[in-house]
1. What number goes with the only condition from (1) in contact with a Gly (Cβ under 6 Å, 6 or more places away or on another chain); (2) within 14 Å of Gly188 (Cβ to Cβ) that Ile77 does not pass?
2. I need the full set of residues from the range 64-83 which are free of Cβ contacts under 8 Å to residues at least 60 places away in the same chain and either surrounded by fewer than 16 Cβ atoms within 10 Å (Cβ to Cβ) or aliphatic (A, V, I, L, M) (or both), in order please.
3. Mind telling me which of the residues Glu143, Glu68 ends up being acidic (Asp, Glu) and over 30 Å from Glu242 (Cα atoms)?
4. Looking at the range 255-286 only, could you name the residues that are touching a Pro at 6+ places or on another chain (Cβ under 7 Å) and closer than 17 Å to Leu82 by Cα?
5. Contact list please: Cβ distance under 7 Å, first residue in the range 280-295 and in the same structural domain as Ser50 (by TED's automatic domain parsing), second residue in a helix (DSSP H, G or I) and among the small types (Gly, Ala, Ser), pairs at least six apart or on different chains.
6. What do you reckon, is Lys275 within 19 Å of Ile118 (Cα to Cα) and not in a helix (DSSP H, G or I)?
7. Considering only residues that are surrounded by 24 or more Cβ atoms within 10 Å (Cβ to Cβ), small (Gly, Ala, Ser) and part of a helix (DSSP H, G or I), which ones fall in the range 89-129?
8. Restricting to the range 270-279, what's the tally of residues that are in contact (Cβ under 8 Å) with a residue 60 or more places away in the chain and either surrounded by fewer than 17 Cβ atoms within 10 Å (Cβ to Cβ) or closer than 15 Å to Thr45 by Cα (or both)?
Amino acid sequence: MTIFTAVMRTLTAGMLLALAGAAIAQQAYPSKPLRIIVPAAPGGTTDIASRAIADKLTHELGQSVMVENKAGAGGIIGTQALVSAAADGYTLMMGNIGPNAINYAIYKKLPYKPEDMIPITMTISNPNVLVVHPAVPAKTVAELVALAKASPGKLAFASSGRGQSIHMSGELFKVKAGIDIVHVPYKGAGPALVDLLGGQVAMMIDNLPSSMGHIRSGKLRALAVTSRQRAPELPDVPTMVEAGFPDIVVTAWFGLFAPAKTPGPIIDRIYRATKTVLASPEIKARFAELGGTAGGEPPEQFRNYVMAEKQKWAQVAILAKVEPE
């Protein structure tokens with residue numbers, strides 16, 4: 001045996017052992033608890049969706065699935081935590097339209113790029129809803145516009161943070177209605193709703209799931225939804241299109257992401273488990289009750305959707321005159 005042959009055999013054996021080790025590790029996945037990073041504060045749709053599926057995923061995967069809130073900077077802090085994590089399938093993120101689509105259009109420099117993450121599947125999608133505090137005298141979108149025009153710079157709208165669909169919906173409304181309203185960003189829909197319910201801000205174009213309970217209890221008044229058709233859960237609430245704003249059609253979406261280079265078999269395992277959870281009658285009913293629709297698309301289809309949304313919101317940012325920071 002030549003030295004060359006001996007070296008090649010040693011290298012080949014080493015490669016086979018490494019591949020076998022990786023295969024065994026993937027077959028054993030998961031062997032410890034998982035975490036889902038929520039790039040927002042508790043109380044918003046990102047948090048609600050994460051906690052709803054975490055319990056079910058625990059059963060499907062046979063390991064605890066914990067939710068960890070990392071709020072701030074329009075989802076940037078949580079997203080950065082994801083891309084910095086090991087690509088082993090034990091750290092996921094409930095991404096959404098903000099950090100995974102809109103942020104690319106409104107920030108000149110981000111600590112992440114689309115290639116740093118693997119989209120796994122959409123979990124829930126829903127329209128936004130224009131809600132006002134009951135003390136606001138407007139009962140319709142037209143009355144709210146008239147009120148804002150009568151008092152320029154006096155009305156404030158809350159958002160879950162710069163770059164979220166809640167923020168961009170408000171900016172779009174501001175431009176299309178020709179009104180001067182003040183944006184007040186928070187570290188998530190939960191804190192924003194606290195101030196809206198307390199009357200510190202007048203309005204918000206919130207994700208429907210996080211506002212639904214407050215609308216039903218009468219603590220908030222819904223003026224319009226951003227879907228093309230009326231929401232079945234709020235049949236008496238018109239769309240923004242019906243209210244005279246055909247360009248304000250927004251679908252907020254949320255989905256699971258993993259760090260880039262996470263092995264394909266692990267991504268497939270997470271996807272199959274999540275798809276089973278989202279297809280369960282309990283989750284479908286829960287999401288429908290909140291005004292949302294359960295997802296479950298394959299990773300490739302979700303990836304294409306996310307990239308299309310990135311391009312779409314680049315155009316919306318221009319339309320809404322939101323300058324990159």
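1. In the conditions (1) in contact with a Gly (Cβ under 6 Å, 6 or more places away or on another chain); (2) within 14 Å of Gly188 (Cβ to Cβ), Ile77 misses (1) alone.
2. Ser64, Val65, Met66, Val67, Glu68, Ile76, Ile77, Ala81
3. Details: Glu143 fails: over 30 Å from Glu242 (Cα atoms).
After applying the criteria, what remains is Glu68.
4. Our first condition is that a residue be touching a Pro at 6+ places or on another chain (Cβ under 7 Å); within the range 255-286, this holds for 255, 257, 267, 271.
The answer is Gly255, Phe257, Ile267.
5. Within 7 Å, the pairs are Ile283/Ala52; Arg286/Ala52.
6. Numbers: within 19 Å of Ile118 (Cα to Cα): yes; not in a helix (DSSP H, G or I): no.
Against the criterion (within 19 Å of Ile118 (Cα to Cα) and not in a helix (DSSP H, G or I)), Lys275 does not qualify.
7. Gly98, Ala101
8. Taking the range 270-279 as the starting set, the residues that turn out to be in contact (Cβ under 8 Å) with a residue 60 or more places away in the chain are 270-271, 273-278.
Okay, now just the ones that are also either surrounded by fewer than 17 Cβ atoms within 10 Å (Cβ to Cβ) or closer than 15 Å to Thr45 by Cα (or both), so 276.
Total meeting the criteria: 1.
The values are calculated or read from the model by the stated rules, or taken from the named source; none is laboratory data. Note that the structure is predicted; figures quoted are calculated from it, not measured. A quick note on method: Cβ atoms are made from the backbone with ideal geometry, for glycine too, and the neighbour counts reach across all protein chains shown.
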